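Enquirer: Have a look at this one before I ask anything.
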Amino acid sequence: MNFSRVAGLLCAASLAAVLAGPVYAQSKVVKIGAVFPLSGNAASAGIHAKAAIETAMDIINNAHPELGNFPLAKDAGLSGLGGAKVDVVFADNQGSPATGQNQALRLITEEKVVALTGAYQSGITLTASAIAEKYGIPFVNGESVAANLTERGFKWFFRTTPIASDFAKLYHDFLKDMKAAGAKTDSVAIIHENTEYGTSVASVIAAAFKEQGQPIALDIAYSANTTDVQSQVLQLKEKKPDVVIMVSYASDAILFAKTMKALDYKPPMIIADDSGFSDPSFIKAVGKISQGVFNRSSWSLGAPGSVTYIINELYKKKSGDDMDDTAARQMQAFFVLVDAINRAGSTEPAKIQAALKATDLKADQLMIGYKGVKFDAKGQNTLASGVVIQLQDGEHYVAVWPKANAAAAPVIPYKGW
């Protein structure tokens, strides 16, 4: 065979490879897209999510022997892909479902990411993940709890966090125990913002309580990112519910706390649905006037020297804050996604999807308090779980329920200020 014929064959082979697409398994950089609110009213959550994922990138890309056998920490890079590094392209959804959708499209078609994570607000996760589904790109979500996200028949969407129905049961069981201990919990009100997150979660909680023979006494919706909640607080003050369950993002949660103080209203018990009440901006702004608020969580700092404590220290160097539950759930989802890529030994989306479906992580392989990670046919983690925490010193939440997980006893009634 002469040289010109060999060259021609090589050129033809090269052209065929280009037309067939990239050879994923040979990539030395694994590019993942992350869609979060880096501006707008939820920017604090997005910025802390970015810090959480950047911390996870550091743990994955560099050897961290201090984390012992924690998955992906022992070696520098992904052993399943010959030491390939992880690179994350962050996109700002600006708190808009349409923007989130457009950013997901850009990350897939222009940045050529092999997978996506995000997008904090359930309404934006809804639109962004629909684009990923259309293009056959894995989307792993760690923090959006709207029930319908895993009810769409999607094959590329995976969610690691507990969902609204899990937390509804948590709230009901917690209140049942509080009632047995002498608290009055007969009348329950729900206050929620009116996006996908607030409306869907409130609906699930109401249905769960009704099934248990305890209809919700008062359901108050308000416009997300509103600047005035006096009428909602006055409704609560007039009706005097025993328990107020709040489903709010950070700016709204801060506004409610300030308005309650201004109108001198203290419900006997407040339970927050995580989100804005866990955000560091809430604790900094109104923690001192929100003492005794209950919240849900799956994250615990842990004892000094523990894996969670060390990870929190790495995160704190990057963000300036201790990790909150939302950022921890986002970080865990990212670890799950990268673990799947590593096991797939490839960045080909279909192989990552197969690895995600085969995920079977145990509790001791996680940095968050789930029983493990294993996805059902809908992409929902069936081993996700949570606890009730309480803001007891104005600056830190502590686990108070169930008793087996408690670091302190629950304090009632709500103290406020």
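Enquirer: From Cα pairs below 8 angstrom and at least 6 apart in sequence, can you work out the relative contact order of the chain, rounded to a whole percent? Write out the running numbers ahead of the final one.
Expert: Numbers: 871 pairs, mean separation 71.5, N = 417.
Relative contact order, the chain: 17 percent.
Enquirer: Something else about it: Please report the Cα spread of segment 230-269 along all three principal axes, rounded to whole Å, starting with the longest.
Expert: So the extents along the principal axes, rounded to whole Å, are 24, 19, 15.
Enquirer: Residue 165 to residue 105: extension gain in nm, 0.36 nm per residue of separation minus the Cα-Cα distance?
Expert: On the way: separation 60, 0.36 × 60 = 21.60 nm, distance 3.03 nm.
Between residue 165 and residue 105, full extension yields 18.6 nm more.
Enquirer: Please figure out what share of the DSSP beta bridges in the chain is antiparallel and state it in percent, rounded to the nearest 5.
Expert: 30
Enquirer: So if I place +1 on the C-beta of Lys and Arg and -1 on the C-beta of Asp and Glu, and nothing else carries charge, what would the dipole magnitude of segment 334-413 be about its Cα centre? I want it in debye, nearest 20. Don't skip to the end; give the middle numbers.
Expert: Details: 8 positive and 7 negative charges, 71 e Å.
Taking the Cα centre of segment 334-413 as origin, the dipole is about 340 debye.
Enquirer: Next question, about the same structure. By how many nm would the segment from residue 184 to residue 75 grow when fully extended, if each residue of separation counts as 0.36 nm and the alpha-carbon distance is taken off? Don't jump to the answer; show the numbers that get you there.
Expert: Numbers: separation 109, 0.36 × 109 = 39.24 nm, distance 5.32 nm.
So the chain would gain 33.9 nm between residue 184 and residue 75.
Enquirer: Taking only Cα atoms and a 10 Å spring cutoff, compute GNM fluctuations for the chain and point out the largest among 150, 117, 109.
Expert: 109
Enquirer: Could I ask something else about it? Which whole-number percent of Cα pairs in segment 250-390 have a distance greater than 27 Å?
Expert: Of the Cα pairs, 35 percent sit more than 27 Å apart.
Enquirer: Show me 297-309, 211-223 ranked by packing, highest mean number of other Cβ atoms within 10 Å first. Kindly include the intermediate steps, with their values, before the conclusion.
Expert: Details: 297-309: 16.5, 211-223: 14.7.
Going by the mean number of other Cβ atoms within 10 Å, highest first, we get 297-309, 211-223.
Enquirer: For the chain, count the residues as N, evaluate 2.2 N^0.38 Å, and divide the Cα radius of gyration by that value, please. Mind dumping the intermediate values first?
Expert: On the way: Rg = 22.8 Å, N = 417, 2.2 N^0.38 = 21.8 Å.
Taking the Cα Rg and dividing by 2.2 N^0.38 Å, one obtains 1.05.
Enquirer: Now a separate question. Which of the residue pairs 176/288; 362/415; 266/374; 261/317; 74/374 have a Cα-Cα distance greater than 31 Å in the structure shown?
Expert: Working: 176/288 28 Å; 362/415 38 Å; 266/374 41 Å; 261/317 34 Å; 74/374 23 Å.
Distance filter (> 31 Å) returns 362/415; 266/374; 261/317.
Enquirer: For segment 14-160, rounded, prolate or oblate, judged on the Cα gyration tensor with a ≥ b ≥ c (square roots of eigenvalues), a/c < 1.5 rounded, else prolate if a/b > b/c?
Expert: The shape class here is oblate.
Enquirer: Work out the length of the dipole vector of segment 36-100 about its Cα centre, built from +1 on the beta-carbon of each Lys and Arg and -1 on the beta-carbon of each Asp and Glu, and round it to the nearest 20 debye.
Expert: Details: 3 positive and 6 negative charges, 16 e Å.
With Lys and Arg at +1 and Asp and Glu at -1, about 80 debye.
Enquirer: Related question: Just want the answer: with Cβ charges of +1 for Lys and Arg and -1 for Asp and Glu, which residue in 36, 221, 68 is farthest toward the dipole's positive end in the chain?
Expert: Farthest towards the positive end: 68.
Enquirer: In segment 66-88, which residues have a backbone nitrogen under 18 Å from the label point lying 7 Å from residue 364's Cα in the Cα-to-Cβ direction?
Expert: So the set is 66-74.
Enquirer: Return a whole-number percent for the relative contact order of segment 156-280, with Cα pairs under 8 Å and 6 or more residues apart as the contact set. Provide the component values of the computation, followed by the final result.
Expert: On the way: 164 pairs, mean separation 32.2, N = 125.
Worked out over segment 156-280, it gives 26 percent.
Enquirer: What's the percent breakdown of Cα-Cα distances in segment 63-110 across 10 Å bins, shortest bin first?
Expert: Computed distribution, short to long bins: 23, 30, 20, 26, 1.
Enquirer: Residue 98 to residue 151: extension gain in nm, 0.36 nm per residue of separation minus the Cα-Cα distance? Before the final figure, lay out the partial values.
Expert: Numbers: separation 53, 0.36 × 53 = 19.08 nm, distance 2.08 nm.
That works out to 17.0 nm of additional length.
Enquirer: Moving on to the next point. For segment 84-229, taking Cα atoms only, what is the radius of gyration to one decimal and the Dmax to the nearest whole Å?
Expert: Looking at segment 84-229, its Cα Rg and Dmax stand at 18.2, 59 Å.
Enquirer: Size of the dipole of segment 191-339 about the Cα centre, Lys and Arg at +1 and Asp and Glu at -1 on the beta carbon, nothing else charged, in debye to 20? Please list the in-between numbers first.
Expert: Details: 14 positive and 18 negative charges, 90 e Å.
Magnitude of the dipole: close to 440 debye.
Enquirer: Which Cα, out of 297, 373, 342, lies furthest along the positive dipole direction of the chain (beta carbon charges, K/R +1, D/E -1)?
Expert: Checked the options; the winner is 342.
Enquirer: Run through every distinct alpha carbon pair of segment 128-198 and return the Kirkwood hydrodynamic radius in angstroms, one decimal place. Before the final figure, lay out each step's value.
Expert: Working: mean 1/r = 0.0686 Å⁻¹.
Its Kirkwood hydrodynamic radius stands at 14.6 Å.
Enquirer: How would you order 243-249, 167-173 from highest to lowest mean count of nearby Cβ atoms within 10 Å? Could the numbers behind the result be given before it?
Expert: Numbers: 243-249: 26.7, 167-173: 19.7.
Ranking, from highest mean packing down: 243-249, 167-173.
No value in this document is a laboratory result; all are computed from the given coordinates. Note that the structure is a prediction, hence the values are computed from the model and not measured. FYI the Cβ positions are ideal-geometry reconstructions off the backbone, even for glycines, and counts take in every protein chain you see.
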